[in-house]
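A.B. asks: I have a structure here, written as structure tokens, and I will follow up with some questions on it.
The values are calculated or read from the model by the stated rules, or taken from the named source; none is laboratory data. Please read all numbers here as calculations on a predicted model, not as lab measurements. Please note: Cβ atoms are built from the backbone with ideal geometry, for glycine as well, and neighbour counts cover all protein chains shown. To get the accessible areas, we keep the full protein, side chains included, count just its heavy atoms, and leave off ligands, DNA and RNA. Shrake-Rupley method; radii C 1.70, N 1.55, O 1.52, S 1.80 Å.
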Amino acid sequence: MFELHHLSVLEQGEWLRRGRISPRELVEHYLARIERHNPAVGALTVVEADRALARADALEGLVARSAPLWGIPIADKELVQRAGQRTTFGSRLRAENVPATSDELVQHLDAAGAISLGATAAPEFGLPSYTESRVAPPARTPYDLSRGAGGSSGGAAAAVAAGLLPVAPGSDGGGSIRIPAAACGLVGLKPSRGRVPAGSGLDKLAGLVVPGPIARTVADAALVLDALIAAAPWEFATRAPVDPPLASGREHPHHGPLLGAAVRGEGRYQLGVMTTSPWDEYTDVVLDPEARWALDEAIAGFSALGHGIDDIALDPEPDYGRHFRAVWMASAAGIPARTPDELALLEPLTAWLVGRGRALSAEALAEALAWLTGFERRVIRRLSTVDAVLTPALAMTPRPIGWYDAEDADRNFTQQVQYTPYTSFVNVAGLPALTLPVGLTPPTSDQPGLPMGVQLIGRPGGEATLLALGAQWERARGPHRIHPPQW
């Protein structure tokens, strides 16, 4: 039976503009689905039904229907503050936080005409790659409620996969868009550093964190990214070229909507296939058969589309793990927990990161930042021989709830690396990346099929190439090929 959430965001926008449905009708549809399915999935931690309906009614007369996301329901990741809406940052430390002002990203989504229904679950201060905090229920992949949705945008991905939202904004500092998108059978788009004005990454330590969309289709992801860029376009033309380039110093002006690339899906490209990662010297990284299957499916699919396929690998980087860990720890040092009582509210992993980060010397942090800048240059130079790089999205199937060590933080960090070794270096290099769903693993008598995907990594400012490849992939295989039981 057809339901409104079966439409893509592009289709929903068209129905809204033509008056086939109203913003209120669309919001009511998703609120009903949230009421029915969210308790089991754990996607949203805050639901603002009255506020969303009032916003929907106001949109009818106050915002032009030409706004790119006019009337489209979303929800804010619970690391982003909306005035008057509880924002816990996934932590008991901020359990009662109700901000008086909205963050810039929220303002830009509002200006694009979107309607926030509330907040999606995130782990404590967005630090882990899974969403199992002590302030809210875990976010679960709708395909198997015994397994996690990934993180840190786990609630956002669970909501889109279960049809509780048509699309959702996330943020990505080490894979936090791409990991949950892959665990939930979705498209996840991490933009280049500097691409989105409301979250360029340039103001973050090592330039790691940028916002981006989680969606069911490549075109829907492109539409949301276009809306975020259009809110306040950058002026890159004044920047001097850098050779070899840094991602943050490379000219990549926004030459019109990226949606065009995602709709047209044109071009033949040279793809490099990579199964090694910079974490290989840090710990044993093992590619599970399910991850290898997804990668082989993608290689065969892109080859059949006429793209060139070569093997590619980064040079060994034995110091990568040490320096990335240092920056990750330093990023936790500013968490607002100072007194013993405040520190006691933090989860063990967060407390460990805070303690290690505050103990880190300025000399060690400066060394790590300088090393990662050199690594960025080496990665961009090494990958410049191809148009895009194809890797597994994850090394394993979605992890069971409770799989990560809740007490031994050092072991927990290693587990996260082993699950997702292919994502963090993309943030360090400031490159764009796109996860694509490949399919479901074969079900067994006691295990449903689990979503598996692949990752495409682009050149600096190369989102259009990734979206074109994604569009071709969807055309060849058919969009919306997999859905969870809640669908």
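A.B. asks: With a 1.4 Å probe and all protein chains in place, put 57, 405 in order of accessible area, largest first.
C.D. replies: Final ranking, largest accessible area leading: 57, 405.
A.B. asks: Accessible area, 1.4 Å probe, largest first: how do 190, 204 sort?
C.D. replies: 204, 190
A.B. asks: With a 1.4 Å probe and all protein chains kept in place, how do 284, 408 rank by accessible area, largest first?
C.D. replies: So, going from the largest accessible area down, we get 284, 408.
A.B. asks: If you don't mind, there's one more thing I want to ask. Would you compute, from DSSP H runs of 4+ residues alone, the mean residue ellipticity of the chain at 222 nm, taking -39500 (n - 2.57) per run and dividing by the full residue count, rounded to the nearest 500?
C.D. replies: The per-residue figure over the chain is -11500 deg cm²/dmol.
A.B. asks: Run the accessible area of the chain with a 1.4 Å probe and give the carbon-and-sulfur part as a rounded percent.
C.D. replies: 52 percent
A.B. asks: Taking a probe of 1.4 Å, how large is the accessible area per residue of the chain, in Å²?
C.D. replies: 36 Å²
A.B. asks: Let me ask another. Between the stretch 278-310 and the stretch 154-179, how many Å separate their Cα centres?
C.D. replies: What the calculation gives is 23 Å, centre to centre.
A.B. asks: Using the C-alpha gyration tensor of the stretch 330-487, what are the square roots of 5 times its eigenvalues, in whole angstrom, with the largest one first?
C.D. replies: 34, 26, 12
A.B. asks: Tell me, what is the 1.4 Å probe accessible area of residue 341, in Å² to the nearest 10?
C.D. replies: Around 120 Å² of this residue is reachable by solvent.
A.B. asks: Here's another thing I want to ask about it. If all Cα-Cα distances of the chain are sorted into 20 Å bins from 0 onward, what percent lands in each bin, rounded to whole numbers?
C.D. replies: That works out to 26, 61, 13, 0, in percent per bin.
A.B. asks: Please work out how much accessible surface residue 428 shows to a 1.4 Å probe, ignoring ligands, DNA and RNA, in Å² rounded to 10.
C.D. replies: It works out to around 10 Å².
A.B. asks: Ok, one more. Across all directions of projection, what mean area in square nanometres is found for the Cα convex hull of the stretch 258-407?
C.D. replies: Over every viewing direction, the Cα hull of the stretch 258-407 projects on average to 12.5 nm².
A.B. asks: Would you kindly state the longest site-free stretch of the chain, with sites defined as GluC sites (Glu not before Pro) in a DSSP loop (not H, G, I, E, B) surrounded by at most 13 other Cβ atoms within 10 Å?
C.D. replies: 267-406
A.B. asks: Right, here's the next one. Would you give the gap between the C-alpha center of the stretch 82-135 and the C-alpha center of the stretch 426-487, rounded to a whole Å?
C.D. replies: 26 Å
A.B. asks: Can you work out ³J(HN,Hα) from phi for every residue in the stretch 120-133, in order, using Karplus 6.51 cos²θ - 1.76 cosθ + 1.60 and θ = phi - 60°, giving whole Hz and x for Gly and Pro?
C.D. replies: So the Karplus estimates, Gly and Pro as x, are 9, 5, 9, x, 4, 6, x, 7, x, 9, 9, 10, 9, 9 Hz.
A.B. asks: Could you state how much accessible area residue 296 has, in square angstrom rounded to the nearest 10, with a 1.4 Å probe and all protein chains kept in place?
C.D. replies: Looks like 70 Å² after rounding.
A.B. asks: In a Debye calculation with equal point scatterers on the alpha-carbon sites of the stretch 86-206 and no solvent, what is log10 I(q)/I(0) at q = 0.09, 0.11, 0.15, 0.19 Å⁻¹?
C.D. replies: Cα-only, vacuum Debye calculation for the stretch 86-206: -0.24, -0.36, -0.68, -1.11.
A.B. asks: Counting C-alpha atoms alone, how compact is the stretch 13-130: give Rg to one decimal and Dmax as a whole number, in angstrom.
C.D. replies: Reported Rg and Dmax, both Å: 14.7, 46.
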